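Structure record follows, encoded as C-alpha cells.
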Amino acid sequence: MSESDTRTTHFGFKDVPEGDKAGMVHGVFTRVANKYDIMNDVMSVGIHRLWKDAMMDWLAPRPGQRLLDVAGGTGDIAFRFLKRAPEATATVLDMTESMLVEGQKRAEAENMADRLNWVVGDAMALPFEANTFDTYTISFGIRNVTRIADALSEAYRVLKPGGRIMVLEFSQLPNPGLQWAYDKYSFNVIPAMGQIVAGDRDSYQYLVESIRKFPDQQAFATMIRQAGFSQVKYRNLTMGVAALHSGWKI
C-alpha cells in the first residue's frame, strides 16, 4: 500500500484517500467542461471577469514574456494576458483534457494560435524544465490541488529568477455577518444553479465546499512564502469573496 493510499485529504467536506482526489476532481471538471464558462458568469453575476481584469492590472504583462497558466481550463487568463502583451506566449496546462478542448474552440484561441500551447498535466509535477517561465498564474484552481505545497514548489521551480506567481482564488470575508450571508447564497443557490444550467448539482456542491476548506488570505500567503517566494502580498476582491496573491522568485 502506497503512502498516498493511507494519507487522507478533503474533497469538499468529505475525507478521501489522498490518491483518489485527483481523479475525483478530474471527474468534476470533465462533467462541467462544456458549461463551465456559462456557469462562471451565472454564479458570479459576471464579476469573475472584473476579478480577472484586476489580476491582469496587477500582473502588468510585458511584451515577450512566457506565461504558464496552470489549471488554465478554457483559457480565460491566457487570452487576457496575450491581449496585453505583444509577442508574449502562453502555455495553458490543465489536468482535464475536455476543459482544454473547450478553450481551443473559443475565437480567441484561433486568433492567437501561434502564441498558445495547450498541455494536459499535473500542477504537482509540471512537465517543464526549471527556470522556463517569466510568469505563473493559477485562477480558481489551487484549491482543487491535492497537495497545495507541492504545486507551489513546482511553480517556484519552473519560474525563472525574477519570475512572478499570481494566484486568483476564492477566499474568506473578514466580516462574520457578510461571510454568513455569502455562505447562505453559496450553499443554497449555486448547487441549484448547477442543476439548472449544467445538469449537475453534485459538482457545484463540491466546488462550494472546496472554497470553505481553502486557507484564508494570511494562511495562504504563508504557504507561498514557505515555497520560497519573496515579497508576498495579497489584495482582497469584492470584500474578500476572492483574493489575489502575488510573489516573486528572487
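The values are calculated or read from the model by the stated rules, or taken from the named source; none is laboratory data. The model shown is predicted, which means the values in this text are computed figures rather than measured ones. Positions of Cβ are backbone-derived with ideal geometry, glycine not excepted, and every protein chain shown enters the neighbour counts.
Going through region 150-187 one residue at a time, which ones are over 22 Å from Lys233 (Cα atoms) and surrounded by 18 or more Cβ atoms within 10 Å (Cβ to Cβ)?
Tyr182, Ser186
Going through region 102-119 one residue at a time, which ones are loosely packed, with under 14 Cβ neighbours inside 10 Å and within 18 Å of the chain's Cα centre (by Cα)?
At the first step, the residues of region 102-119 found to be loosely packed, with under 14 Cβ neighbours inside 10 Å are 105, 107, 110-111, 113-114, 117.
Listed by number, the list holds a single entry, Asn117.
Answer with yes or no whether Arg62 is charged (D, E, K, R), under 30 Å from Lys160 (Cβ atoms), surrounded by fewer than 17 Cβ atoms within 10 Å (Cβ to Cβ) and modelled with pLDDT of 95 or more.
On the way: charged (D, E, K, R): yes; under 30 Å from Lys160 (Cβ atoms): yes; surrounded by fewer than 17 Cβ atoms within 10 Å (Cβ to Cβ): yes; modelled with pLDDT of 95 or more: yes.
Spelling it out, Arg62 is indeed charged (D, E, K, R), under 30 Å from Lys160 (Cβ atoms), surrounded by fewer than 17 Cβ atoms within 10 Å (Cβ to Cβ) and modelled with pLDDT of 95 or more.
When the residues of region 6-42 are narrowed to those that are under 16 Å from the mean Cα position of the chain (by Cα) and among the aliphatic types (A, V, I, L, M), which ends up surrounded by the fewest Cβ atoms within 10 Å (Cβ to Cβ)?
Of everything passing the filter in region 6-42, Ala22 is surrounded by the fewest Cβ atoms within 10 Å (Cβ to Cβ).
Where in region 1-76 are the strands (runs of 3 or more DSSP E), entirely inside, with at least 1 residues that are without any contact (Cβ under 8 Å) to a residue 40 or more places away in the chain? Walk me through it before giving the result.
Working: elements: 8-11, 14-17, 66-70.
Once the strands (runs of 3 or more DSSP E) in region 1-76 are filtered for at least 1 residues that are without any contact (Cβ under 8 Å) to a residue 40 or more places away in the chain, what remains is 8-11, 14-17.
For Pro86, which of the numbered conditions (1) free of Cβ contacts under 8 Å to residues at least 24 places away in the same chain; (2) within 18 Å of Leu152 (Cα to Cα) fails to hold?
Looking at each condition in turn, Pro86 falls short on (2).
Identify all residues within region 194-215 that are touching a strand residue (DSSP E or B) at 6+ places or on another chain (Cβ under 9 Å) and among the acidic types (Asp, Glu); write none if there are none.
Glu209
For region 107-119, state whether one or more residues are closer than 17 Å to Phe170 by Cβ and out of contact with any Pro (no Cβ under 9 Å at 6 or more places or on another chain). Full working, then the answer.
Taking region 107-119 as the starting set, the residues that turn out to be closer than 17 Å to Phe170 by Cβ are none.
Among the residues of region 107-119, not one is closer than 17 Å to Phe170 by Cβ and out of contact with any Pro (no Cβ under 9 Å at 6 or more places or on another chain), which makes the answer no.
Considering only region 216-250, state which residues are in contact (Cβ under 8 Å) with a residue 40 or more places away in the chain, under 16 Å from Arg143 (Cβ atoms) and not small (Gly, Ala, Ser).
Asp216, Gln217, Phe220, Met223, Ile224, Leu237, Val241, Leu244, His245
Looking at (1) within 14 Å of the chain's Cα centre (by Cα); (2) under 22 Å from Leu244 (Cα atoms), find the lone condition where Trp58 falls short.
All conditions pass for Trp58, except number (1).
What number of residues within region 201-241 satisfy the criterion of being within 20 Å of Ala149 (Cα to Cα) and either among the hydroxyl-bearing types (Ser, Thr, Tyr) or not in a helix (DSSP H, G or I) (or both)?
Final tally of qualifying residues: 13.
Residues to consider are Asp94, Asp69; find the one that is modelled with pLDDT of 95 or more, of a type outside the set (A, V, I, L, M) and closer than 24 Å to Ile250 by Cβ.
Numbers: Asp94 fails: closer than 24 Å to Ile250 by Cβ.
Result of the check over Asp94, Asp69: Asp69.
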